[in-house]
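The values are calculated or read from the model by the stated rules, or taken from the named source; none is laboratory data. Keep in mind it's a predicted model, so treat the numbers as computed, not measured. Heads up, the Cβs are rebuilt from the backbone with ideal geometry, glycines too, and the neighbour counts pull from every protein chain shown.
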Amino acid sequence: MSQHLMPRPGSDLVGVTGATGRLGGRVAHRLAAAGAAQRLLVRDPARAPELPDACAVRADFPGRDVAAGR
């Protein structure tokens, strides 16, 4: 995976959260099959799927309170 992926000219970059999980992983694989450039936001980049035009980026989700907006 490229560490500094830039979308192809004229294409969009799609952010996928939870790409190491069941649902996010499926979404990432389908987007890759469609040729989409992706930024995979994951807690552990080493667990991210190896996909063409995809770059895993570590995202820290500190807790449920933050995700709930509290």
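The residues of the range 27-46 that are of a type in the set (Lys, Arg) and surrounded by fewer than 13 Cβ atoms within 10 Å (Cβ to Cβ) amount to a single one, Arg30. Among the residues making up the range 42-63, those that are of a type in the set (Gly, Ala, Ser) and either part of a strand (DSSP E or B) or in contact with a Gly (Cβ under 6 Å, 6 or more places away or on another chain) (or both) are Ala54, Ala56. If you go through the range 16-41 and keep only what is part of a loop (DSSP other than H, G, I, E, B) and in contact with a helix residue (DSSP H, G or I) (Cβ under 8 Å, 6 or more places away or on another chain), you end up with Gly18, Ala19, Thr20. Within the range 32-46, if we keep just the residues that are more than 10 Å from the chain's Cα centre (by Cα) and of a type in the set (A, V, I, L, M), the residue that is nearest to Phe61 (Cα to Cα) turns out to be Ala46.
As a summary of the residue check, Leu5 satisfies the conditions (1) modelled with pLDDT under 90; (2) exposed (fewer than 15 other Cβ atoms within 10 Å of the Cβ); (3) of a type outside the set (Ser, Thr, Tyr) except for the one numbered (2).
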